[in-house]
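Visitor: Dumping the structure here so I can ask a few things about it.
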Amino acid sequence: MDTSLSPVPIPVVIDCDPGVDDAMAILLALGSPEIELRAITTVCGNVPLAGCTANALRILELAGRTDIPVHAGADAPLIGAPIYGRFHGPTGLGGLSLPAPSTTAQPEHAVEKLASELRRAVEAGKGLTICALGPMTNLALLLKLHPDLKSGIDRVVSMGGAFRSPGNRSLTSEFNVLADPHAARIVYEAGIACVALPLDVTHQAMTTPERCALFAGGAPGSPLAAAHALLERWARHDPARYGGDGGPMHDPLVTAFLVAPSLFHTAPAGIFVETDSPLCYGQTVADWYGRSGTALIATKVDADGFYRLLAERIARLERMTA
Ligand code: RIB
Ligand code: CA
């Protein structure tokens, strides 16, 4: 499998709501030399903000990367009350039990950390990639408070939306977008390069016993063992909905897109978000003719190739932390 082993690592900030699949995406990033993970910013989503922030700290400590700063962000959407995830368990890390983190988040708000990383990117002349794995509230606030820093963004690569697929939290809408559709609309209408990995493609990357077995054999307390525990209770056992017993591994597809873009097919499209209709609130609609926007939407993924990459890179991380 060709990976984008760029000689110069891609500067990245992951904005997330850990979250079982967020945790897998972070581990994949940490095990991939193509990525220079500058910071993790957190947003309320799968669990309330404090839980997401503590989980980000836990995952970095597990991986021996407490040098990477964590900054807490929005604890509610731009408008309305927060909604939370249903599949990540009470801690937000599903079947993975980790002790309370021994580190704390930085005092600077997530939006200001993102802004300082964008200033750094502008000065360096190398754009920042923002991986958006949760509701896009922090990114929307960043764009509204610091519109002059847009030039520091190389692209926003997000897990979110459902175009030809039904929603996973309402009939029409995917959780990350439904949790803050106004934020998603601000991001998609900002004129920045966006890549969306929607349910249309994440539901092609379902866990199976064979794929979960790729993560077996890790030493207790290791990243590989943690990944196996994260996957263990991820199965949905709902073949009518998912076409099999497994669960959809959403967020790590974002990190995989940075590392091995050849695993994916994409189509250019304009992306629109419904923010008024009670029935279709948070629905994402694509202009597949690409006449009204410059986004890319991932439409296909080589799922087996993705799981091989995910397991290989987390096993690599294990060797780095051994
Ligand atoms: O709809 C799936 C998305 O919502 C994933 O990012 C998951 O972690 C939750 O945030
Ligand atoms: Ca997420």
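Every read-out reported here was derived from the displayed coordinates using simple, explicitly stated rules and does not represent laboratory data. Please read all numbers here as calculations on a predicted model, not as lab measurements. Using ideal geometry, Cβ is built from the backbone for each residue, glycine included, and neighbour counts are taken over all protein chains shown.
Visitor: Loop only per DSSP, at most 11 neighbouring Cβ atoms within 10 Å: give me the chymotrypsin sites (Phe, Trp or Tyr not before Pro) in the stretch 258-322, ordered by residue number.
Guide: Passing both the DSSP loop test and the Cβ count: 289.
Visitor: Could you give the size of the charge dipole of the stretch 181-322 about its Cα centre, using +1 on the Cβ of each K and R and -1 on the Cβ of each D and E, expressed in debye and rounded to the nearest 20?
Guide: 280
Visitor: Could you give the distance between the Cα centres of the stretch 183-217 and the stretch 19-40, to the whole Å?
Guide: So the separation of the two Cα centres works out to 14 Å.
Visitor: Tell me the label-point distance for the pair residue 319, residue 100, using the 7 Å Cα-to-Cβ offset, in nm and rounded to one decimal.
Guide: Spacing of the two 7 Å Cα→Cβ label points: 3.7 nm.
Visitor: How big is the charge dipole of the chain about its Cα centre, in debye rounded to the nearest 20, if each Lys and Arg gets +1 on its Cβ and each Asp and Glu gets -1 on its Cβ?
Guide: So the dipole magnitude of the chain works out to roughly 100 debye.
Visitor: In a shell of Cβ-Cβ distance under 14 Å around residue 67, excluding residue 67 itself, what net charge do Lys and Arg (+1) and Asp and Glu (-1) give? The partial results should precede the final answer.
Guide: On the way: positive: 38, 65; negative: 36, 61.
Around residue 67, the charge tally is 0.
Visitor: To continue, here is another question. Using only DSSP helix segments of four residues or longer, with each worth -39500 (n - 2.57), what per-residue ellipticity at 222 nm results for the chain after dividing by its residue count and rounding to 500?
Guide: Working: 12 runs with 112 residues, N = 322.
For the chain, the value works out to -10000 deg cm²/dmol.
Visitor: Using a Förster radius of 22 Å, what is the FRET efficiency between residue 119 and residue 67 based on their Cβ-Cβ separation? Nearest 0.05, please. Mind dumping the intermediate values first?
Guide: Values: r = 21 Å, r/R0 = 0.94.
The calculated FRET efficiency here is 0.60.
Visitor: Right, something else. Normalized C-alpha radius of gyration of the stretch 184-273, against 2.2 N^0.38 Å? Numbers along the way, then the final one.
Guide: Values: Rg = 16.0 Å, N = 90, 2.2 N^0.38 = 12.2 Å.
That ratio works out to 1.31.
Visitor: Can I ask one more? For residue 285 and residue 76, FRET efficiency with R0 = 30 Å and r from the beta-carbon atoms, rounded to 0.05?
Guide: For R0 = 30 Å, the calculated efficiency reads 0.75.
Visitor: What percent does the relative contact order of the chain come to when contacts are Cα pairs within less than 8 Å and at least six residues apart?
Guide: 20
Visitor: Given all pairs of different Cα atoms, what value in angstroms does the Kirkwood hydrodynamic radius of the chain take?
Guide: Value: 19.2 Å, from the Cα pair sum.
Visitor: Let me ask another. Once the other residues with Cβ under 10 Å from the Cβ of residue 14 are scored (Lys, Arg +1; Asp, Glu -1), what is the net sum?
Guide: -2
Visitor: Putting +1 on Lys and Arg Cβ atoms and -1 on Asp and Glu Cβ atoms, find which of 10, 55, 28 reaches farthest to the positive end of the dipole of the stretch 1-110.
Guide: 55
Visitor: Then there's this: List the longest stretch of the chain that has no exposed loop site; here a site is one of the trypsin sites (Lys or Arg not before Pro) assigned by DSSP to anything other than H, G, I, E or B, with at most 10 other Cβ within 10 Å.
Guide: Answer from the scan: 87-290.
Visitor: Within straight cross-link reach of residue 126, meaning Cα distance under 12 Å, which aspartates and glutamates are found once same-chain residues fewer than 8 apart are removed?
Guide: Excluding near neighbours in sequence, the set is 117, 154.
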